[in-house]
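Peer 1: Have a look at the structure that comes next, please.
The values are calculated or read from the model by the stated rules, or taken from the named source; none is laboratory data. These numbers come from a predicted model, not from an experiment. Here the Cβ positions follow ideal geometry from the backbone for every residue, glycine too, while neighbour counts run over all protein chains shown. Each accessible area value is taken on the protein alone, full model and side chains, heavy atoms only, with ligands, DNA and RNA left out. Shrake-Rupley method; radii C 1.70, N 1.55, O 1.52, S 1.80 Å.
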Amino acid sequence: VKVQGFFFHKAPKKAKQLTKGHVVTKLEKKARPSNRKGKLSKRTETVRSVIRDVTGFAPYERKILELLQAGSTKDEKKALKVAKRRVGTHRRGLRKREYMRGVMQRLRHK
């Protein structure tokens, strides 16, 4: 169909038979190495935990812990703001705040 110099094609018709063609069994795809990227190995986890035990927390992490211990909503927001400013993005800030919450709970239960 031609309208003012432009061609408009009609929509293609829907397939009537979806069971056409030679019947085959689908092969399982091999797992690619790229699918493992970012997965934490036991060794790396152990090394990081040892380093954390030896070095302790950074000053901004201590400040986040202090704010979270206060417990008010205002301080929670402030903790997020501090984390966000230090680690770069909102999502990373949220993750850091949750991590520090977990640390705080572990410290309480010891």
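Peer 1: For the pair VAL54 and LEU94, what calculated FRET efficiency results from E = 1/(1 + (r/R0)^6), where r is the Cβ-Cβ distance and R0 = 25 Å, to the nearest 0.05?
Peer 2: Numbers: r = 27 Å, r/R0 = 1.08.
My answer for the efficiency is 0.40.
Peer 1: Quick one: pull the percent of accessible area on the chain belonging to carbon and sulfur, 1.4 Å probe, ligands and nucleic acids left out. Spell out each step's value before the answer.
Peer 2: Values: 5950 of 10900 Å².
Carbon plus sulfur share of accessible area: 55 percent.
Peer 1: Another question about this same structure. Taking the solvent-accessible surface of protein heavy atoms with a 1.4 Å probe, what is the per residue accessible area of the chain in Å²?
Peer 2: 99 Å²
Peer 1: Moving to a separate point now. Which helices, taking whole DSSP H runs in the chain, have alpha carbons extending 15 angstrom or more along the helix axis plus mean Kyte-Doolittle at least -0.5? Write down the numbers at each step before the final one.
Peer 2: Details: long enough: 42-55 (20 Å, -0.73); 59-70 (17 Å, -0.34); 73-87 (21 Å, -1.36); 90-109 (29 Å, -1.76).
Correct list, ordered by number: 59-70.
Peer 1: Could you pull the Cα extents of the chain along its three principal axes, largest to smallest, in whole Å?
Peer 2: 71, 46, 23
Peer 1: Sticking with this structure for a sec: Give, in nm to one decimal, the length gained when the segment between LYS13 and LYS74 is fully stretched (0.36 nm per residue of separation minus the Cα-Cα distance).
Peer 2: On the way: separation 61, 0.36 × 61 = 21.96 nm, distance 5.91 nm.
Once the chain is fully extended between LYS13 and LYS74, it gains 16.1 nm.
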